[in-house]
Amino acid sequence: MAMGKYSRVDGKKASNYCSTISVVVFVALCLVGAWMFMSSSVSVQNSDSSSQEKVNDVNRVAGENNSKQFEDSAGDLPDDAIKEDGNTVDSRSDGQSDVHEDQNVTEKESEVTVEDNKDEKTESKNMVEESQDEKTESKNMGEENQDEKTESQEEPKTETEKDEKTEDRESNSGDGESNSEAGEMPAQGDETNKSEQTESEESSGENKSELEEGEKNLDSGESANENNQDGATENNVDSQENDQTSIEILPAGAQSELLNETNTQNGAWSTQVVESLKEKISQQSSISKDQNVHAWKLCNVTAGPDYVPCLDNWYVIRRLSSTKHYEHRERHCPQEAPTCLVSIPEGYRRSIKWPKSRDKIWYYNVPHTKLAEVKGHQNWVKVTGEYLTFPGGGTQFKHGALHYIDFIQDSHPDIAWGKRTRVILDVGCGVASFGGYLFERDVLAMSFAPKDEHEAQVQFALERGIPAMLAVMGTKRLPFPSSVFDVVHCARCRVPWHVEGGKLLLELNRVLRPGGYFVWSATPVYQKLPEDVGIWKAMSKLTKSMCWDLVVIKKDKLNGVGAAIFRKPTSNDCYNKRPQNEPPLCKESDDPNAAWNVPLEACMHKVPVDASVRGSRWPEQWPRRLEKPPYWLNSQVGVYGKAAPEDFAADYGHWKNVVSQSYLNGMGINWSSVRNIMDMRAVYGGFAAALKDLKVWVMNVVPIDSADTLPIIYERGLFGMYHDWCESFNTYPRTYDLLHADHLFSSLTKRCNLVAVIAEVDRILRPEGNLIVRDNVEIIGEIESLAKSLNWDIRMIYSKDNEGLLCVHKTMWRPTEPETITSAII
């Protein structure tokens, strides 16, 4: 049987013949199209209505994509646009590669070409059907000219491009324009690009994009997608090639934004506004990845896993002129906050849950034994296999803290643990067993001790789930407001209260509430050694001149110790009647609440007597004081602009709702594993108050550049401290299970290194801990990017009305390997 000349038997001959015919027909059509374009200036307006509608649809989709991609407008792609482009996701990369060949063509030219090329498409398809070898034909066409794509993809090109490609075929060499890089446009195309941009605005009804070049690229890319619709089947041949081209041509940031856009289209948000805001976060996160990529390094410091930057700055400590007043135990922060990461001890495990943690912790979490060796006989801490165990004893209460706590109240019942007395300060706390067992009496103890030869005593306390911080009675005021602690306790705290005019005891007088008690359990109270007798005499003289009443001296027979309980006056009568002004009263200009890096002075502040002033009355009993606005707020304006009592109530209601409706259920947090919490920017303490029914404690931090609301927090029966988040916090690494930052980071960006702040967050947050951030969407994006660079898990991200909520989970795995260790600023 005779074979037809187009038969597959003679495939090579048929293919070459078909290629020749295709080239001839294609060149002829290009010339006809060019003649039609040059001979008629009104052909654009006389285009077929169906073709015009089709082009307008393309422009509308492109305009909408531009608006959503590069602007903050809300909304998804319309359903009709999605239906028109049946290959939306697959053809996106094809459209990206075509962008750079369409940059010098106006939309008006495209309108003409769409109609002109209808016949060309039909003829090309007929030729393919006759040959029944479209893939082979496309491949051969590509071999003839590397710059020419398959006919099914390139038919919608403009006449100018056709002429260029015809010349390329004849000379078998490219002029380079079709391979131009992203953003490279010939000078003669400037007016054309402006025309294209104007046309896009008119057809879509949207405002001009802020990123003009990106808008041009998307316009031409979407047009290419529309034209490629008829050749979807044929696109399979070159799909991989086009994907590679798009990766090479598009900048990394732009491609990330396109991917984010695709993800947003497929999102599950209920409204366009919410979805648009989520897209804004994603875009900001994409930008942050490029701008804030940080190569995390491990800190190379002597302290190793126990590094506290402001307390281990040995460069400064070694150069101190004196250490007489414990200057070497005070804060000396590096000039630049460290951006390195603190290593995790080998063998570290997730902390034991409360309340079991009060009695035992994992040895390798705090692998220090010195304290067990020197204080084991006093039941501070013992090494028991893979655990460090805490029998609950102390230097003054070898037989357990609970007995000692009851002994104090029995000595003076007015102390009334958990009712009248709610917040106390424990000076020189050791491993904080006293504060740990006070939880059973509904009492919060702010325990502190220096980072000294008592190796890791505060770290033991924190690992046990007991509130504690690193501090020393040195040359500066403690970071607390005045008149906030109901009781101050010192059990063999090794502080020389009586020296230098009683400067250190006067600092306790500043923070002790009028009518509050100082419980002093030390050898001068109950021993008769010459040194103890001398100290007792000096203390008796000093406390009397301070107008403190010695309420009771009582001895604990079980532990063989004694305690003296003093009471601070509630009026100024005693001060005015003193024969000598020693210690002197502070100047009227001296603010007793100023406590950040303020030097100590040996003076006393007068007691408030005005009924409307804080400190003139004792707070409500616990737990009523938690929910009732303090009496002294009546004459003040609140942080949020309302009357302070209304502000207080609204804030509390807000946080109760947020905690119950969102935090406890919608964050993916295992609250049974949460014990130590910090609110990094507390206002009224509403967040901590909303958690009162959980077995947790909250360190409320009031930044030094925020409204001074810390006295209100103490008045509620909560506690906290001042801090500057541009510096390191006075605590050991791996302290907190949960950090809460409500609009903190946005307030720090102008004066702090955000990377250093996040490094500090990483330092004080335990592995398997969580960070909750509420802030504007830009900050949320930056924090999300940094968290990912730390290999943290994103548990939840949400946005509404330009506000965002982010919850990230710190993983056990570090983003750095041992060989990446670098020097840190120390």
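Things to note:
- Of the residues making up region 533-552, at least one is open to solvent by less than 60 Å² (accessible area, probe 1.4 Å), without any contact (Cβ under 8 Å) to a residue 40 or more places away in the chain, touching a strand residue (DSSP E or B) at 6+ places or on another chain (Cβ under 6 Å) and over 23 Å from F434 (Cα atoms).
Residues are listed down the side, and each one gets a yes or a no for (1) part of a helix (DSSP H, G or I); (2) at pLDDT below 95; (3) closer than 30 Å to R441 by Cα; (4) of a type in the set (K, R):
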site: S706; (1), (2), (3), (4): no, no, no, no
site: T731; (1), (2), (3), (4): no, no, yes, no
site: L738; (1), (2), (3), (4): no, no, yes, no
site: M796; (1), (2), (3), (4): no, yes, no, no
site: G804; (1), (2), (3), (4): no, no, no, no
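- Test: residue in region 763-774 that is modelled with pLDDT of 95 or more, part of a loop (DSSP other than H, G, I, E, B) and over 11 Å from the mean Cα position of the chain (by Cα): no
- Checked against the criterion of being crowded, with 16+ Cβ neighbours inside 10 Å and in a loop (DSSP other than H, G, I, E, B), the candidates G394, G435 yield just one match: G394.
- Within region 347-384, considering residues that are assigned to a helix (DSSP H, G or I) and charged (D, E, K, R), the one nearest to A456 (Cα to Cα): K370
- Residue check for Y722: farther than 20 Å from P619 by Cβ, of a type outside the set (S, T, N, Q) and not in a loop (DSSP other than H, G, I, E, B): yes
- Cβ separations smaller than 7 Å between residues 6+ apart or across chains give the following pairs from region 599-624 residues that are under 18 Å from V484 (Cβ atoms) to residues that are at pLDDT 95 or above and aliphatic (A, V, I, L, M): M604/L506; M604/M546; M604/L585; K606/L585; G615/V607.
- Exactly one residue among L462, L506, L478, L444 is open to solvent by 10 Å² or more (accessible area, probe 1.4 Å), over 19 Å from A563 (Cβ atoms), in contact with a strand residue (DSSP E or B) (Cβ under 9 Å, 6 or more places away or on another chain) and not polar (S, T, N, Q), and that residue is L444.
- Options S673, S635, S662; residue that is farther than 29 Å from L585 by Cα, open to solvent by 10 Å² or more (accessible area, probe 1.4 Å) and at pLDDT below 95: S662
- Between R349, R319, the distinction of being open to solvent by 70 Å² or more (accessible area, probe 1.4 Å), under 29 Å from the mean Cα position of the chain (by Cα) and without any contact (Cβ under 8 Å) to a residue 60 or more places away in the chain belongs to R349 only.
- Selection count where residues are surrounded by fewer than 24 Cβ atoms within 10 Å (Cβ to Cβ) and not in a helix (DSSP H, G or I), scope region 521-532: 3
- Flag for N791 being polar (S, T, N, Q), crowded, with 18+ Cβ neighbours inside 10 Å and within 22 Å of P338 (Cα to Cα): no
- Condition met for P623 (over 30 Å from K353 (Cα atoms), at pLDDT 95 or above and either crowded, with 16+ Cβ neighbours inside 10 Å or of a type in the set (F, W, Y) (or both)): no
- Yes/no for H368 being over 30 Å from Q621 (Cβ atoms), open to solvent by 70 Å² or more (accessible area, probe 1.4 Å) and modelled with pLDDT under 95: no
- The numbered conditions (1) within 21 Å of the chain's Cα centre (by Cα); (2) farther than 27 Å from N634 by Cβ are all true for F687 except (2).
- Tally, over region 658-714, of residues that are aromatic (F, W, Y) and more than 20 Å from P629 (Cα to Cα): 3
- Test: N593 is open to solvent by 30 Å² or more (accessible area, probe 1.4 Å) and in a helix (DSSP H, G or I): no
- Scanning region 483-503 for residues being open to solvent by less than 10 Å² (accessible area, probe 1.4 Å) and of a type in the set (S, T, N, Q) gives a total of 0.
- The set of residues in region 449-482 that are touching a Cys at 6+ places or on another chain (Cβ under 9 Å) and either part of a loop (DSSP other than H, G, I, E, B) or of a type in the set (K, R) (or both) comprises I466, M473.
- A Cβ distance below 9 Å, combined with a sequence gap of six or more or placement on separate chains, defines the contacts here; from region 391-403, residues that are on the phi < 0 side of the Ramachandran plot reach residues that are at pLDDT 90 or above and of a type in the set (K, R) in the pairs P391/K382; G394/R492; T395/R492; Q396/R492; L402/R441.
- Being under 27 Å from Q457 (Cβ atoms), in contact with a strand residue (DSSP E or B) (Cβ under 9 Å, 6 or more places away or on another chain) and surrounded by fewer than 24 Cβ atoms within 10 Å (Cβ to Cβ) is not true of V702.
- Which numbered condition Y652 misses (of (1) part of a helix (DSSP H, G or I); (2) open to solvent by 40 Å² or more (accessible area, probe 1.4 Å); (3) hydroxyl-bearing (S, T, Y)): (2)
- Filter result (within 28 Å of F729 (Cα to Cα) and exposed (fewer than 11 other Cβ atoms within 10 Å of the Cβ)) within region 576-590: none
- Of the residues making up region 300-313, those that are at pLDDT 95 or above, more than 10 Å from P733 (Cβ to Cβ) and of a type in the set (A, V, I, L, M, F, W, C) number 2.
The values are calculated or read from the model by the stated rules, or taken from the named source; none is laboratory data. Model, not experiment: these values are computed from the prediction. So basically every Cβ, Gly included, is an ideal-geometry build from the backbone, and we count neighbours across all protein chains shown. Accessible surface is based on the protein model in full, side chains and every heavy atom, while ligands, DNA and RNA are left aside. Shrake-Rupley method; radii C 1.70, N 1.55, O 1.52, S 1.80 Å.
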